[in-house]
1. With unit charges on the beta carbons (Lys and Arg positive, Asp and Glu negative) and the dipole taken about the Cα centre of the stretch 260-417, which residue among Val404, Leu303, Ala325 sits farthest to the positive side?
2. Could you check which residue among Arg415, Arg329, Arg272 shows the biggest mean-square fluctuation in a GNM of the chain with a 10 Å Cα cutoff?
3. Using a Gaussian network model on the chain with a 10 Å cutoff between Cα atoms, which of Gly308, Gly212, Gly296 fluctuates the most?
4. Net charge near His7: determine it from the other residues with C-beta under 14 Å of the C-beta of His7, scoring Lys and Arg +1 and Asp and Glu -1.
5. Which value at 222 nm does the chain reach when only helices count, each DSSP H run of 4 or more adding -39,500 (n - 2.57), with the total divided by all residues and rounded to the nearest 500 deg cm²/dmol?
6. Please state the relative contact order of the chain as a whole percent: Cα pairs under 8 Å, 6+ residues apart?
7. Rank-order 337-347, 113-123 by packing density, defined as the average count of other C-beta atoms within 10 Å over each peptide's residues, highest first.
8. If you place +1 on the Cβ of every Lys and Arg, -1 on the Cβ of every Asp and Glu, and leave all else neutral, what size is the dipole of the chain about its Cα centre, to the nearest 20 Debye?
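The values are calculated or read from the model by the stated rules, or taken from the named source; none is laboratory data. Just so you know, these numbers come straight off a predicted model, no measurement behind them. Backbone-built Cβ (ideal geometry, glycine too); neighbour counts: all protein chains shown. To get the accessible areas, we keep the full protein, side chains included, count just its heavy atoms, and leave off ligands, DNA and RNA. Shrake-Rupley method; radii C 1.70, N 1.55, O 1.52, S 1.80 Å.
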Amino acid sequence: MRIQPRHKVLLGVACAIFLLHLGVAAVAKPSFQLTMFGDALPCALLIVAILAVRENFMFPRGVLPLFWKLMAAGLFQMLLSQAYWFYYDTLHRYSSPNPVVGDTLFLLAHVFFLSAFVLRPHSASVDRDMRLRHLDFVLLTFWWLALYAYFALPWQVVIQDFTKYNPTFYFLALIQHLMIIVGLGVVWKHSRGLWRAFYGSFICLFVLIAAGNLMLSVAIDHGVYQAGSFYDTPFLLSLVLLTAVAVFGPSLQPEEDKTPNREINQSLWTARVAMFAILSLPVIALLGTFEKNVPGDVAAFRLRLVFGAMLLLSGLVFWKLTVLARELRRLVRLSQASLENLKNVQARVTQSQKLAALGRLAAGATHEISNPLTAILGYSELLTDIPSLSPPDRESAQIIQKQVHRAQAAVNSLRNTLRNPESPHPTPVGK
């Protein structure tokens, strides 16, 4: 595996930032300055990771450029989330800011990551038409936002209750992390070589993110969390590892997928996920009716949200079905054109076979005709050599010779035509 010089520099910078964090966390005491420093470190590491990932945009191999761009988009969303937390902590000294913006950006970042891995960048047989994949990404994004808006958002928008908001948000984030880890585990199991190490590194990376986020949630609930402390270490280490994973980029080569009908099966699973996203919302709303001690305003907010989300997701599914119908019509037209071409080819092959059979028959006929003509010519020449032959009979023998020569010329012309079918038509023999 070759490492680009810029990757080495960026990886060195990431390691230096992480070591700085360890040193400060070991000696610094809780303070506002430590909080600002702790909020700035993830932003710095995310910028380094984005620059490292961006170095892989220039390698056009399959869907790898799109994969790295989605990863960069997810990291940028996470950078915006961390920048908001930096701003949040500055406001927290004087007021009670709303955490919804930072949490929403954090969840959206993982939607980008999940969509990047769904591309299966290791496969060289991935469909190049990205229209359906873009729709799947939009569908997945709105579904996650609907879940967040249903479970967590009411406890900030309708009623501000952190005791119910925080556990719900952390639980949704944990589900997201587990989905990514399980999906990566499945891909890792079926990969090999450098790709196996690549996906294995991502599994370790997201395990660190999930563990760090879970540890933060417990520390925040118990009131012992301090930004810049060792509670941030798992998340910061995952960002360093992400920078290290970007080093794989120049050496990755998509491989042919030997699994039959892989793309068809992938499309079927995508359709099933879309149906699950649509059907899950009314089921969630139905189960929510049995939840006790839910204020009426929260219940009304959730009901309106479910109806709006179902309308939006149904519209996306209908759009996807429209695109699939157009693609199906295009494939049908291509199949019809291929069938017509096949019929024409079959007709030409049949005609060629007939001509070939006729050519073999004509070749045999010319051979059979040539032998008698040679005998007739020989006997006519013998007749002309007889001294006692009368002049009329000698003239008749010479006429026979001329006609035999004419017949032989026609046979030879036919034989030459059969040997070279592209040659011009033979010139008729004069009478």
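1. Leu303
2. In the Gaussian network model the winner is Arg415.
3. Answer for the Gaussian network model of the chain: Gly296.
4. +3
5. Here the helix-only value at 222 nm equals -28000 deg cm²/dmol.
6. Working: 393 pairs, mean separation 77.4, N = 431.
Rounded, it is 18 percent for the chain.
7. Numbers: 337-347: 10.0, 113-123: 21.6.
Top to bottom by mean Cβ count within 10 Å: 113-123, 337-347.
8. Numbers: 37 positive and 24 negative charges, 146 e Å.
Using only the charged Cβ atoms, the result is roughly 700 debye.
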